[in-house]
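Participant: Below are the structure tokens for one structure; questions will follow.
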Amino acid sequence: MSASNITSTHPAVFFLMGIPGLEHLHIWISIPFCSAYTLALLGSCTLLFIIQADTALHKPMYLFLAVLAAIDPVVSSTTLPKMLAVFWFRHREINFYACLVQMFFLHSFSIVESAVLLATAFDRYVAICKPLHYTTVLTGPLITKIGMAVVTRAVTRMTPLPFLLRRFHYCRGPVIAHCCCEHMAVVRLACGDTRFSSIYGIAVAMFIVVLDLLFVVLSYVFILRAVLQLASQEARYKACGTCVSHIGAILAFYTPVVISSVMHRVARRAAPHVHILLANFYLLFPPVVNPIIYGVKTKQIRERVLGLFLRKDV
């Protein structure tokens, strides 16, 4: 068979609908989306600047926070610019391979963020349960290995998906009923046996979320037990205070995931825009609230943020 007779089984481009059923409100919806995205970028950049500029904050706890502050806007940036282009300019077209790249980075960085939260829980566990060994356990080489393991896990879990999607024949049209190239939204356009891809995508998401969350909860069980064994109430309060910001970040990340998952099973007949708005809430909520949580609840960072805006003339 000659090369000229070989036809592609996938469209050259996809077309993103945005939020089906709410197309007439795209401009209004874009206002809170754009505002939240801007706040997320400003908050994360401020945290990164403060941590980088102050050598007293060059510790494992703040290093993990810096990684989290860097990942948050990256997760949002994988989809928000294109989403705003759809809302503002009706620029719905996205190249097939660009769609796969967007999907890969969206899900990969979400996996990385979950792992960073788990690493931070380990940091708090060592700091509170084994304080005398903190500096010998959380060494630079160990943190480097954790970082490499986090990235490797995300890449190896997500790499098969684009290759699986590339092999499908897309006979249901090129229109994606979503405002980004989310995995299942693309799979729904494919024909043939897509069960493996669907099951694999869901299994990876559930495995990562359940496993990471299980270890986070287990870490805090040990932390709570160690805190309750402290002699003074002041010491218990101080130990708990170091975990408040991290617990807030965990809730900000996992709560939208759990709500979205429950809604997909409880409210299957809900309008498509309900599920899409929940998915976008998951992308925007953590990047917006995490800088606020850490800025307000972490004393060292709060003092330095206030110092940037309340400098007194000498």
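Participant: Among Ser30, Ala69, Ala53, whose Cα projects farthest towards the positive end of the dipole of the range 1-126, with charges put on the beta-carbon of Lys, Arg (+1) and Asp, Glu (-1)?
Facilitator: Ser30
Participant: What's the percent breakdown of Cα-Cα distances in the range 1-105 across 5 Å bins, shortest bin first?
Facilitator: In whole percents, the pair-distance histogram is 2, 11, 15, 14, 14, 12, 9, 8, 6, 4, 2, 1, 1, 0.
Participant: If I take R0 = 25 Å and measure r between the Cβ atoms of Ile202 and Phe281 in this structure, what FRET efficiency does the formula 1/(1 + (r/R0)^6) give, to the nearest 0.05? Mind showing how you got there, number by number?
Facilitator: Details: r = 20 Å, r/R0 = 0.79.
The value I calculate is 0.80.
Participant: Turning to a different aspect of this structure: Mind checking Rg over Rh on the range 57-134, alpha carbons, Kirkwood formula for Rh?
Facilitator: 1.20
Participant: Mind checking the dipole of the chain: about its Cα centre, +1 per Lys or Arg Cβ, -1 per Asp or Glu Cβ, Debye to the nearest 20? Don't skip to the end; give the middle numbers.
Facilitator: Numbers: 26 positive and 12 negative charges, 79 e Å.
Charge dipole, the chain, about its Cα centre: 380 debye, nearest 20.
Participant: Determine the per residue accessible area of the chain with all protein chains present and a 1.4 angstrom probe, expressed in square angstrom.
Facilitator: Accessible surface, normalised per residue, equals 54 Å².
Participant: Now for a separate question. Using the Kirkwood formula over every pair of different C-alpha atoms, what hydrodynamic radius in Å results for the range 224-290? Intermediate results must be reported in sequence, preceding the final value.
Facilitator: Working: mean 1/r = 0.0704 Å⁻¹.
Its Kirkwood hydrodynamic radius stands at 14.2 Å.
Participant: At what distance in angstrom do the alpha carbon centres of the range 14-56 and the range 82-138 lie from each other?
Facilitator: 15
Participant: Oh, and also: How much length would be gained if the chain were fully extended between Thr152 and Arg166, taking 0.36 nm per residue of separation minus their Cα-Cα distance, in nm to one decimal?
Facilitator: Numbers: separation 14, 0.36 × 14 = 5.04 nm, distance 2.22 nm.
The span from Thr152 to Arg166 would gain 2.8 nm if fully extended.
Participant: Further question: Just tell me which lysines come within less than 16 Å, Cα to Cα, of Lys299; anything on the same chain fewer than 8 places away is out.
Facilitator: Hits, sequence-local ones excluded: Lys59, Lys238.
Participant: Given R₀ = 45 Å, what would the calculated FRET efficiency be for Arg188 paired with Phe49, taking r from the Cβ atoms and rounding to 0.05?
Facilitator: Values: r = 42 Å, r/R0 = 0.94.
Efficiency computed from Cβ-Cβ geometry: 0.60.
Participant: Follow-up. With everything on Cα atoms, drop me the angle between helix 233-266 and the longest principal axis of the chain, reported from 0 to 90° to the nearest 10.
Facilitator: 10
Participant: Ratio of Rg to Rh for the chain, alpha carbon only, Kirkwood? If you can, show how the numbers build up before the last one.
Facilitator: Working: Rg = 21.9 Å, Rh = 21.4 Å.
Over the Cα atoms of the chain, Rg/Rh equals 1.02.
Participant: Taking the Cα centre of the range 105-251 as the origin and placing charges on Cβ (Lys, Arg +1; Asp, Glu -1), which of Ala235, Leu142, Ala121 is farthest toward the positive end of the dipole?
Facilitator: About the Cα centre, the residue reaching furthest to the positive side is Leu142.
Participant: With all protein chains present, how much of the accessible area of the chain (probe radius 1.4 Å) comes from carbon and sulfur, to the nearest whole percent? Please list the in-between numbers first.
Facilitator: Details: 11900 of 17030 Å².
C and S fraction of accessible area: 70 percent.
Participant: Continuing with this model, one more query. Order of 227-240, 45-58 by packing, highest average Cβ count within 10 Å first?
Facilitator: Answer by packing, highest mean first, reads 45-58, 227-240.
Participant: In terms of Cα to Cα distance under 20 Å, which aspartates and glutamates are near enough to Lys130, apart from those fewer than 8 places away along the same chain?
Facilitator: Cα-Cα hits under 20 Å: Glu234.
The values are calculated or read from the model by the stated rules, or taken from the named source; none is laboratory data. Computed from a predicted model, the values in this text were never measured in an experiment. Cβ: placed from backbone, ideal geometry, glycine included. Neighbour counts: every protein chain shown. The protein model used for the area step is the full one, side chains on, heavy atoms only, and it has no ligands, DNA or RNA in it. Shrake-Rupley method; radii C 1.70, N 1.55, O 1.52, S 1.80 Å.
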